[in-house]
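The values are calculated or read from the model by the stated rules, or taken from the named source; none is laboratory data. Predicted model, so just to flag it, every value in this text is computed and none were measured. FYI the Cβ positions are ideal-geometry reconstructions off the backbone, even for glycines, and counts take in every protein chain you see. SASA here: full protein model, heavy atoms, side chains in, ligands and nucleic acids out. Shrake-Rupley method; radii C 1.70, N 1.55, O 1.52, S 1.80 Å.
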Amino acid sequence: MNSNSSNVMALTSTTSNKKETVCIFGTGDFGRALAYKMIQSGYSVVFGSRQTQISSLIPKGAEVLSHTEAAQKAPIIFIAIPRQHYNFLLPLAEVLHGKVLVDVSNNLKLNQYSQSNAEYLAQLIPGARVVKAFNTVSAWALQSGTLDASRQVFVCGDDKKAKQMVMDIVRALGLTPLDQGSLLAAQEIENYPLQLFPMWKFPIFLSLGLTVFFFFYSLIRDVIYPYVNEKKDFSFFIAISIANRICPILALILLALVYLPGVLAAIIQLYRGTKYSRFPDWLDKWMLCRKQLGLVALAFAFLHVLYTLVLPIRYYVRWRVNGGVISQVLNNRTDPLNNTYAWLSDSYVALGILGFFLFVLLGITSLPSVSNSVNWREFRFVQSKLGYLTLILCTAHTLVYGGNRFLYASSYRWYLPNAYMLSLIIPCIVLVVKFVLVFPCLDKPLTRIRQGWERNPRYSE
């Protein structure tokens with residue numbers, strides 16, 4: 001009872017606390033949504049508009065005045081209008097002198113102008129203190145309150161006090177300000193909302209390319225070859241059999257590609273004898289998208305598990321099992337249990353289960369809510385040590401699945417090896433090179449290099 005009443009009192013005190021007045025130029029969707037959120041947070045809001053009549057769309061409690069009158073009533077003015085209409089501010093230059101102008105605009109395409117909107121505004125009104133902010137938050141999220149996906153607000157500006165005033169407003173609205181430095185960062189901030197999954201492009205295009213390659217590769221071996229040589233129609237393999245062959249192959253290859261750039265980086269550092277030289281651009285970009293590569297690999301692993309679970313209910317599988325049973329009955333024989341095949345089968349399944357479990361664990365720890373709750377050493381242990389263990393288990397899972405079939409000539413249809421054999425190339429290379437790097441003769445100098453030691457230091461003490 002007491003706790004409830006205290007909560008009500010705390011809520012009443014914070015909402016009834018009126019903060020300073022802020023001005024918004026522009027009564028569009030974003031301007032109205034921003035005003036609505038600010039009024040909720042205790043701010044007094046005044047709109048600057050050509051039409052001073054209060055519309056039903058204007059949030060209740062907001063005042064509508066002319067641009068000049070509105071600017072005179074507030075130290076901070078949010079410019080919620082498109083860049084092409086900034087010229088109307090020129091007659092207001094004297095009134096806006098010393099004011100904090102918050103540019104919230106966005107463009108229609110990346111690098112639409114050679115100069116960012118915020119820099120253009122600062123050049124247009126040189127007496128004002130321009131800050132770039134709020135362009136990464138949508139009007140819908142502000143008004144509906146669903147800000148979980150866009151709680152961060154990038155802020156940049158040349159005037160530290162003006163930037164601090166804007167960051168205080170960001171915090172008051174329940175958002176998280178991120179100081180991006182001077183106004184030179186405005187171009188990058190304005191480009192940010194226009195980027196469509198920038199870190200996902202390489203993993204997605206790579207996985208699509210590999211999917212197409214292994215699909216046609218498996219189609220040739222498993223459908224076209226039997227039809228040409230044996231006149232058997234196995235075209236129905238496309239639906240599940242080939243799909244269930246592609247998914248584990250891509251999961252294993254993409255997982256190996258997560259750890260391959262780290263191995264390459266170690267080799268480069270050992271060769272250079274320093275950690276202070278930049279990696280090649282392609283390696284830098286590769287390392288930045290490792291998380292996305294791992295998550296795409298996990299998605300293919302999930303598909304592999306789902307496809308495997310439906311195998312017993314397939315008509316083709318039931319037909320083969322029933323045919324085998326009937327054949328034994330007609331021939332009055334019973335096939336004995338082969339302990340070797342039983343061990344291989346159980347080991348194959350066990351390795352797959354353990355590998356998938358660790359795979360899921362890696363995916364969970366990559367989530368921001370989980371990774372933020374562990375320290376760097378714990379995160380590195382999971383992503384590195386357990387990551388390599390996952391790669392070992394998944395590679396062993398594939399090796400045991402193939403067994404010694406690679407020794408049989410029938411496994412090479414039209415001289416093409418089974419697809420699973422191709423999937424082992426990159427993982428085995430990564431594991432072998434990593435095993436070599438673990439040797440003390442290489443591990444110790446690599447550790448020293450990563451701690452700052454240089455073989456040929458540029459500057460002597």
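I need the helices (runs of 4 or more DSSP H) fully contained in the range 224-338, keeping only those with at least 1 residues that are touching a helix residue (DSSP H, G or I) at 6+ places or on another chain (Cβ under 9 Å) and touching a residue at least 60 places away in the same chain (Cβ under 8 Å).
Once the helices (runs of 4 or more DSSP H) in the range 224-338 are filtered for at least 1 residues that are touching a helix residue (DSSP H, G or I) at 6+ places or on another chain (Cβ under 9 Å) and touching a residue at least 60 places away in the same chain (Cβ under 8 Å), what remains is 241-272, 281-288, 290-309, 315-330.
Among the residues of the range 402-438, write down those that are aromatic (Phe, Trp, Tyr), without any contact (Cβ under 8 Å) to a residue 60 or more places away in the chain and open to solvent by 90 Å² or more (accessible area, probe 1.4 Å).
Once the filter is applied, which keeps residues that are aromatic (Phe, Trp, Tyr), without any contact (Cβ under 8 Å) to a residue 60 or more places away in the chain and open to solvent by 90 Å² or more (accessible area, probe 1.4 Å), the range 402-438 yields Phe406, Tyr408, Tyr415, Phe435.
Going through Pro248, Pro280 one at a time, which residue ends up being under 30 Å from the mean Cα position of the chain (by Cα), open to solvent by 10 Å² or more (accessible area, probe 1.4 Å) and closer than 12 Å to Ala419 by Cα?
Pro248
How many residues does the range 157-200 hold that are within 26 Å of Glu20 (Cβ to Cβ) and assigned to a loop (DSSP other than H, G, I, E, B)?
8
Identify the residue in the range 346-372 that is within 19 Å of Ala301 (Cα to Cα) and polar (S, T, N, Q) and, among all such residues, is modelled with the lowest pLDDT.
Within the range 346-372, the match that is modelled with the lowest pLDDT is Ser366.
Here's the yes/no breakdown for (1) of a type in the set (Lys, Arg); (2) under 23 Å from Ile242 (Cα atoms); (3) open to solvent by 50 Å² or more (accessible area, probe 1.4 Å):
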{"site": "Phe302", "(1), (2), (3)": "no, yes, yes"}
{"site": "Arg314", "(1), (2), (3)": "yes, yes, no"}
{"site": "Gln328", "(1), (2), (3)": "no, no, no"}
{"site": "Asn331", "(1), (2), (3)": "no, no, yes"}
{"site": "Leu344", "(1), (2), (3)": "no, yes, yes"}
{"site": "Ser366", "(1), (2), (3)": "no, no, no"}
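If you go through the range 40-75 one residue at a time, how many are within 17 Å of Val102 (Cβ to Cβ) and aliphatic (A, V, I, L, M)?
6
Select from the range 46-60 the residues that are under 40 Å from the mean Cα position of the chain (by Cα) and modelled with pLDDT under 85 and list them in ascending order.
Leu57
Among the residues that make up the range 164-184, is at least one of them farther than 23 Å from Ser41 by Cβ and of a type in the set (Asp, Glu)?
No; the residues of the range 164-184 include none that is farther than 23 Å from Ser41 by Cβ and of a type in the set (Asp, Glu).
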